[in-house]
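Heads up, the thing below is written out as structure tokens.
The values are calculated or read from the model by the stated rules, or taken from the named source; none is laboratory data. A quick note: this is a predicted structure, and the numbers were derived from the prediction, not measured. Every residue, glycine among them, receives a Cβ derived from its backbone with ideal geometry; neighbour counts consider all protein chains shown. The accessibility values were calculated without ligands, DNA or RNA, using every heavy atom of the protein model including side chains. Shrake-Rupley method; radii C 1.70, N 1.55, O 1.52, S 1.80 Å.
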Amino acid sequence: MAAGALVVLTMATPAGAVFDPIATEPVAPYAQPVDASVPKRGCTTTPADPKNTTGSTPAVQVIYAWHDGNGNNYEAYVERIAKIVDRMDWLLDESTNYDQHIKTSCRTGYDTSTYSGYAHALVIPEKIELADPAAENPPEVMADDLAAAGYDDANRKYVVFEDFDGTGTAHCGPVCVATADEWDSGTMMHELIHLHNVDHAKVTEVPDTLAVNDVMSSQYNDWQVDQEFNNYYDPSEVSALFYTSNHPSTNKVNLAAYPQFTTPICCDVGYSNDLLTAQERTIEAQAPYSFPTGFSVSGGGWMQITPPGADNQVSARYYDGRRSLTMNVQAHAEGFLSITRRPAVTAGQRYKFFTRLTTGASGDVKLRLSWYNGSNSLISTSDSSLYALTSDWQEYNVSAIAPSGTATVQLSVVSPSGQNFAYLTDSWQLNHCNNGKTVDGCRIDG
């Protein structure tokens with residue numbers, strides 16, 4: 001296949017089939033089957049026998065699961081499944097400005113220079129003897145059957161496309177399977193992420209409720225892997241770890257560091273081109289009451305890591321279920337809460353500063369970008385409008401083009417003088433607005 005050539009896949013339910021696994025992929029989260037921006041992924045490892053991979057490179061094994069009750073429709077579906085896997089890989093790669101991919105395992109014996117050959121090498125058909133065509137089959141059925149058939153390598157995560165009534169879920173034991181009977185890339189990427197020890201979205205605008213539009217919330221999100229870098233996934237710092245659930249869970253992971261994914265390489269201009277460190281984004285490294293590393297205060301106010309307490313206590317609310325920073329505003333002067341480090345920027349380019357804020361009282365703040373030259377002299381500032389904070393977590397932002405001569409920028413939340421109140425902040429981000437995928441080159445608001 002020539003480089004850049006489109007693969008046009010037409011699809012209809014096979015004649016005589018009593019179960020239709022084709023889900024939302026034609027319309028959500030993006031057009032299918034023709035999409036020039038989703039290339040053929042290729043294979044990381046290619047064993048002669050996919051059942052004999054002990055000691056090989058950790059990878060994802062793609063399975064087409066069938067049963068006599070609905071027949072073997074492998075030839076009708078194999079290219080469709082391969083394109084969905086390519087799109088899963090695209091979701092991972094395009095979520096950030098780091099080049100990272102799924103390691104996929106293929107079998108030998110096919111000419112992978114053609115899309116058909118690649119699809120047949122990638123997608124392995126397996127009859128699920130234990131399936132019950134009259135019932136909804138749980139993931140344990142797939143895991144047990146695959147293990148009995150010899151697919152039992154701990155280095156493999158098995159992505160199973162069920163061509164019968166099953167479930168969209170993730171399960172480990174005796175092998176790790178991500179399953180779906182409604183096939184689309186968002187659903188399958190969601191379940192594959194679950195296999196890497198992460199929970200559903202814990203981030204939320206309101207304490208004690210599940211997020212609606214963040215990572216792991218549904219198959220309808222275009223950017224499945226944390227577009228805001230505030231939990232689970234940070235390819236810029238694979239040593240950074242993030243809590244996966246609310247207190248009292250102590251589980252921490254960084255999805256970017258798992259061996260079934262390639263080593264992240266900067267920078268391929270992904271959806272979220274963020275310039276902050278994990279600590280600057282999420283404030284998770286310190287215990288309650290301590291002084292927040294990487295932040296500084298000037299003028300009227302003082303700061304600390306938010307004290308612990310019940311979620312319904314405003315003093316202990318947090319955006320991502322763990323840590324937030326409390327700024328105690330004092331009336332005698334304008335107060336500045338800033339990230340101490342000033343990231344490098346390019347003059348003439350657009351940048352966008354996001355943060356989430358809440359208060360249990362009444363108070364106003366604005367966001368500021370302070371532009372500095374190479375001699376560390378202030379050139380100018382760019383301010384947002386004045387925001388009246390509320391008791392819910394809301395995301396605020398300010399966007400501006402770096403002026404001529406700019407070398408670095410400092411991010412600040414500014415509280416006008418004459419106020420006495422406390423606000424909480426979390427989930428900071430500095431986007432370089434050059435992703436080429438949104439109107440202003442930055443991730444969407446909210």
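What the table below lists for this structure:
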| read-out | value |
| --- | --- |
| Checklist (1) touching a strand residue (DSSP E or B) at 6+ places or on another chain (Cβ under 6 Å); (2) of a type in the set (S, T, N, Q); (3) more than 23 Å from residue 331 (Cβ to Cβ) applied to residue 404, failing item | (1) |
| Among residues of the stretch 384-394, those that are open to solvent by less than 30 Å² (accessible area, probe 1.4 Å) and in contact (Cβ under 8 Å) with a residue 40 or more places away in the chain, counted | 1 |
| Enumeration of residues in the stretch 262-295 that are more than 23 Å from residue 399 (Cβ to Cβ), among the polar types (S, T, N, Q) and outside any loop (DSSP other than H, G, I, E, B) | 279 |
| Tabulated pairs, the stretch 411-432, first part of a loop (DSSP other than H, G, I, E, B), second surrounded by fewer than 19 Cβ atoms within 10 Å (Cβ to Cβ) and among the hydroxyl-bearing types (Ser, Thr, Tyr), C-beta under 9 angstrom, 6+ apart or interchain | 419/362 |
| Exclusive hit being of a type in the set (Phe, Trp, Tyr), touching a Phe, Trp or Tyr at 6+ places or on another chain (Cβ under 8 Å) and either surrounded by 24 or more Cβ atoms within 10 Å (Cβ to Cβ) or in contact (Cβ under 8 Å) with a residue 12 or more places away in the chain (or both), set 74, 98 | 74 |
| Counted residues, the stretch 239-259 - those being under 21 Å from residue 41 (Cβ atoms) and in contact with a helix residue (DSSP H, G or I) (Cβ under 8 Å, 6 or more places away or on another chain) | 1 |
| For residue 371: the one exception among (1) in a strand (DSSP E or B); (2) within 22 Å of residue 283 (Cα to Cα) | (2) |
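Residue-wise test of (1) open to solvent by 10 Å² or more (accessible area, probe 1.4 Å); (2) β-branched (Val, Ile, Thr); (3) at pLDDT 95 or above.
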| residue | (1), (2), (3) |
| --- | --- |
| 91 | no, no, no |
| 126 | yes, no, yes |
| 134 | yes, no, no |
| 148 | yes, no, yes |
| 156 | no, no, yes |
| 162 | no, no, yes |
